[in-house]
Every structure is written in C-alpha cells, then in structure tokens.
1. Charged (D, E, K, R), farther than 23 Å from LEU29 by Cβ, crowded, with 20+ Cβ neighbours inside 10 Å and over 15 Å from the mean Cα position of the chain (by Cα), is that true of GLU215?
2. Among the candidates SER184, SER217, SER256, single out the residue that is over 22 Å from CYS147 (Cα atoms) and among the hydroxyl-bearing types (Ser, Thr, Tyr).
3. Looking at segment 109-139 only, could you name the residues that are out of contact with any helix residue (DSSP H, G or I) (no Cβ under 6 Å at 6 or more places or on another chain) and among the β-branched types (Val, Ile, Thr)?
4. If you take the residues in segment 5-56 that are under 17 Å from ASP69 (Cα atoms) and β-branched (Val, Ile, Thr), which one is modelled with the highest pLDDT?
5. Among the residues that make up segment 96-115, is at least one of them under 16 Å from PHE152 (Cα atoms) and assigned to a helix (DSSP H, G or I)?
6. Which members of segment 264-290 meet the condition of being part of a helix (DSSP H, G or I) and either on the phi > 0 side of the Ramachandran plot or at pLDDT below 90 (or both)?
7. Only one of these is crowded, with 21+ Cβ neighbours inside 10 Å and touching a residue at least 12 places away in the same chain (Cβ under 8 Å): LEU16, LEU29, LEU67. Name it.
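The values are calculated or read from the model by the stated rules, or taken from the named source; none is laboratory data. Keep in mind that this is a model prediction, so the values were computed, not measured. Glycine gets a Cβ as well: all are built from the backbone with ideal geometry, and neighbour counts include every protein chain shown.
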Amino acid sequence: MTENTPYKAKSLPLGLVNLIRPKQWIKNLFVMAPLVFSSSFMNVKSITLSVIAMGIFCLASSAVYVLNDINDIEKDRSHPKKRLKRPLASGWVSKKQAWMLLVVLYLIIIASLVCYPQIAPVILGYLALNIAYSYKLKHVPVVDIFCIAIGFVLRTMAGAMILGVELSQWMFITTLCLALYLASIKRQQELLKSGSESRDVLEKYSVQLVSRYSEISATGALVFYSLYVISEHPGLTVTIPLVLFGLFRYWYNVDSLEGGESPTDSLLSDFPLMLTILAWVGTCLYVLWP
C-alpha cells in the first residue's frame, strides 16, 4: 500500500458510499422550501411527493459528484488533502468501478423520472448543466459560480413543480442570491487555503474580488427575503433577525474558524448555526400552519 492509496484496505461498499457523498445531500433540503411556503406541509400526499423529489435530486447530485471525481482524478491526486480523502484519488475505488456506479445512478434516475415526469425537465436540466460544468464551465470565471447557484434554484423549482404550485419570484431570486453567497465564500476559502492549486479557475480570481461577490450576494439575499416575507407572509417578519444572525454566524465561521470551503461541514459542525436554522424552520411552520 502506497502513500497515495491509504484506503485500499477498507471495504469497497464504503468507498462507493463516500464517492456519492451522502453528507452533501443536506443541500437537497432546498427542494422542501415550496412545501413549507405553500403551507402544504400537513398534506400527506404533498409531503410524500416532496420527499420523492428530494430523493431523486439526491441521486442526481450523487451522479454529479461521481462524474466530477472521475474528471478530476489526476488533479485530486496532486492535492495534499484530496489525494487522501477522495476515494478515486486515493485508490480506494477504481475508475472502472466509478463508471459502473455512475451508469447505475443514471438508470435509477431515468426510471424515477418515468414515474414522476413532472420534474423531468428540471432534473435533466440539472444533469446537463453539471455535465457542461464538469467538462467546460468550471474553468470559466463567474460562470462557474453561477452554475453552482443555479443548481440550488433548480432544487426549489423541482419542489414547486412536483407539488403543482407556482414558484414565487421572490423565492427564486432569494435562493439565487443565497447560493451565490455560499459559492463565493467557497471560492474565497479555496483561494486562501490552497491558492490556485485545487482549481484552475482560481487563477483568474482574487480574494478581494470573490469577497465582494459574497458581500453583494448576502445583501441581496437578506433584502429580497425581507421583501418577500413582508409582502407575502407578514407573520414571518419575525424570522428576518434569524436570517441576519445566520448570515453573521456563517461569516464568523468562515473568517475565524476557517469554515466555508464546505458549507455542509460548516453547518453540521456549528451548534449555534444549526440551532438558528432549526428556530427559523420552526417559526416558519408555526406561522404558515394551514
């Protein structure tokens, strides 16, 4: 066993699980937003449909992670951390096994969309966008950040389409701004920690530039969310301080605790931030109770 393949002794099933990154599925909770804001969360059928849509998005996002790792295998092997953590780069999972897993994921997704064709355009659009991202768009500055953000918008669109409700324009722009904020912070932390070694596109960014992107996006998310709740759901005005605190706390994690490179890790490792999100969700459910 070489230094570059520290995980070969571990089981293949565990390596395949790590390849699809189930911890990242928390991002797919954006699919549930229309369920909450349409006050459909007491309807068993609506809950079931939303969970199914989220499950399909989990499969789609896992397929994206597998494809990205296949394309980035050589780059990851030269990265000081990824060469030890990524199943493909470390040799834990072979490239052939990764391709087989990807085919299986695609087949399950296709079968799922045959059963739920109402969200097929969104899921297929998400997959197409990320295939383009993996091969080309991730090398184009600004476009790469917007590709990540659009993925979150598509999640909320899927949640609305499977319920047959209209996606609020306020929710659309708020989700976009919040996702742009998270993506910009991610690029900022990658620059600070690894320079341009982890991604070629980082050579075309500066820390100051992506910091300005994140500031503009955070401001937009807060303003549009505030306008949304004040105009559409006045009772949710009490959640604006929670959103503001959440943004501040996440920024604290990024600046003082060196989080942000992985929004999921930053969320799951910070109790005050988790508590804030739970309080926000609880307040939304209480105010929007049908």
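1. In short, no.
2. SER256
3. Once the filter is applied, which keeps residues that are out of contact with any helix residue (DSSP H, G or I) (no Cβ under 6 Å at 6 or more places or on another chain) and among the β-branched types (Val, Ile, Thr), segment 109-139 yields ILE110, VAL114, ILE131.
4. Within segment 5-56, the match that is modelled with the highest pLDDT is ILE20.
5. Checking segment 96-115: not a single residue is under 16 Å from PHE152 (Cα atoms) and assigned to a helix (DSSP H, G or I).
6. If the condition is that a residue be part of a helix (DSSP H, G or I) and either on the phi > 0 side of the Ramachandran plot or at pLDDT below 90 (or both), then THR264, ASP265, SER266, LEU267, LEU268 are the ones that fit.
7. Result of the check over LEU16, LEU29, LEU67: LEU67.
Residue by residue, here is whether (1) among the small types (Gly, Ala, Ser); (2) out of contact with any Gly (no Cβ under 9 Å at 6 or more places or on another chain) holds:
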{"site": "LEU163", "(1), (2)": "no, yes"}
{"site": "ILE173", "(1), (2)": "no, no"}
{"site": "LEU180", "(1), (2)": "no, no"}
{"site": "GLN189", "(1), (2)": "no, no"}
{"site": "SER206", "(1), (2)": "yes, yes"}
{"site": "LEU209", "(1), (2)": "no, yes"}
